1. So for segment 247-269 (the condition being free of Cβ contacts under 8 Å to residues at least 60 places away in the same chain, surrounded by fewer than 20 Cβ atoms within 10 Å (Cβ to Cβ) and under 29 Å from the mean Cα position of the chain (by Cα)), does at least one residue qualify?
2. Go through segment 210-265 and give me each residue that's among the hydroxyl-bearing types (Ser, Thr, Tyr) and outside any helix (DSSP H, G or I).
3. I'm trying to understand the selection: among the residues of segment 407-431, which are hydroxyl-bearing (Ser, Thr, Tyr) and free of Cβ contacts under 8 Å to residues at least 60 places away in the same chain?
4. Does residue 387 meet the test of being in a loop (DSSP other than H, G, I, E, B), open to solvent by less than 50 Å² (accessible area, probe 1.4 Å) and among the polar types (S, T, N, Q)?
5. Going through 332, 308, 346 one at a time, which residue ends up being at pLDDT 85 or above, open to solvent by less than 30 Å² (accessible area, probe 1.4 Å), more than 26 Å from the chain's Cα centre (by Cα) and under 26 Å from residue 227 (Cβ atoms)?
6. Modelled with pLDDT of 80 or more, within 18 Å of residue 84 (Cβ to Cβ) and of a type in the set (S, T, N, Q), is that true of residue 183?
7. Enumerate the pairs (first residue in segment 117-128 and over 19 Å from residue 175 (Cβ atoms); second residue anywhere and in a strand (DSSP E or B) and open to solvent by 30 Å² or more (accessible area, probe 1.4 Å)) with beta-carbon separation below 7 Å, excluding pairs fewer than 6 apart on the same chain, so at least 6 apart or on different chains.
Amino acid sequence: MFKYKGIRIRRFHRDIVFIYLSLMSLPFTLLSISFLYLVYARSPDKLIWAALAAAIFAFCGAIISFAVYKRSDNHNGFFTRVKHRQLLARMIIDNKLYLAKNRNRNNPRQKIIYFPKIYYHYKELIITVRFPMDLQKNQDKFNRIGEQLEQALFADLFDIIDEKGFKAYKLINDPIQNRINITDTKPDSKEIELMHGFTWDYNKFPHALISGVTGGGKTYFIQALLKSFIDLGANCYICDPKMSDLSQLDQIPILEEKVFSSTGQINKCVREFYEQMVERQKEYKQLLRKVGEIGKDYRSFNMQPKVLFFDEYVAHMSNLDFKEQEKTLGYLKQIILLGRQLGFFLVAGMQRPDAKYFEDGMRDQFGLRISLGQMSRSGYIMMFGESDKNFKVQSDKVRGWGYVSIGGAYVRAFFAPFVPSEFSFYNYLLSKDEPSQLSDQSRQAIAERGRGTPSEAARAKSGGRS
């Protein structure tokens, strides 16, 4: 194939879908011709009607073939992979990313002497494209082709890997299909599933920083993390200075005296959370001396994980004077630096991660960083640092979308667990308590309160939440 002129290679790849459609329609065409021949052999006077019937049958075959093609293309099937390979082949030809020379002095036609070997692999929505790193003239282009692949394949680039002789780009085709339902989250002692095939190892990459515009789904995602940690048996504390949805959880027995809204209460919660960590640190050191080993963490001694959920962190800090800010920042900094090994984790939510309230690189210590909703370029830089990521905007009908990075890895598209309108965090958290802890009358009253909050009612009318 590579000995042909570029125009012939290009035409072949442009018409390959037509070739597939023709082959799919061929059985219908052959049956129509066979039917026409049989009618002509037996009753020549009925040839016109037979020809009309055969034409209708062949036309139906073409329609069926086209419908199969569109369904495959729309659902990331076989023809999606065919089109991807077409695009890659045409990219090489149209941009002349090959080496060629004249055949001889009398023949101006060129012969391709080098054609880059590009490998394409597709499995379970994951696209892997490998470009050669062989010191040829196009190596620099292949080193910077990630953004172009995103746009051409309409996929999301989430990882770039240097392999022996190749640069591998990994993309997710239509990442929204990996979204999970809030009821399908299955956390364990090692990680929390955020999307199909995408998990957060909170022990390896501790603490979460969640930023999002109003209506972007930040609070609901924090509630999804709260559900997961409670399912794990963690001891959770909630700080909500704006007294929004999270503050309504103060009537849930499992969170009794663990939800704080006023400035004084929140300052006290942060301080006591830090003091609990200091106490555990002392206990942890004693246990290490007894076993005489290193490399262990809180799980080795069956210690309960503790999580501080701090929504609207910046809003709270802006209400403090300089002295109080220094104290709170000092506590949070120690929690971020020392909490992983001791089982103390911080989940901070805010609209904009201003550097003013993250001193000495605190922001870089968050293992999980997520932005929800459309943000400005400067906002993405605050969250993820300088990146060549192509931040695309989703439709207004899609809620809970954004971008995520774990452990400083390449930024990728993210869709928070979907929360259907019939799901209630209140009722779910009530079910985590023993029946004897709460009377039926009290349980019903709290459940009614949960369903009656303005935010719950508004989302119920819209038919769903995310």
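1. yes
2. Residues satisfying the conditions are 211, 214, 237, 244, 261, 262.
3. Answer for segment 407-431, where residues must be hydroxyl-bearing (Ser, Thr, Tyr) and free of Cβ contacts under 8 Å to residues at least 60 places away in the same chain: 421, 424, 431.
4. yes
5. 332
6. So residue 183 fails the test.
7. That search, which allows pairs on different chains as well, returns 118/130; 119/130.
Conditions (1) open to solvent by less than 70 Å² (accessible area, probe 1.4 Å); (2) part of a loop (DSSP other than H, G, I, E, B), marked per residue:
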{"position": "122", "(1), (2)": "yes, no"}
{"position": "148", "(1), (2)": "no, no"}
{"position": "156", "(1), (2)": "yes, no"}
{"position": "186", "(1), (2)": "no, yes"}
{"position": "204", "(1), (2)": "no, yes"}
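The values are calculated or read from the model by the stated rules, or taken from the named source; none is laboratory data. Quantities reported herein were computed from a predicted structural model and do not represent experimental measurements. So basically every Cβ, Gly included, is an ideal-geometry build from the backbone, and we count neighbours across all protein chains shown. The accessibility values were calculated without ligands, DNA or RNA, using every heavy atom of the protein model including side chains. Shrake-Rupley method; radii C 1.70, N 1.55, O 1.52, S 1.80 Å.
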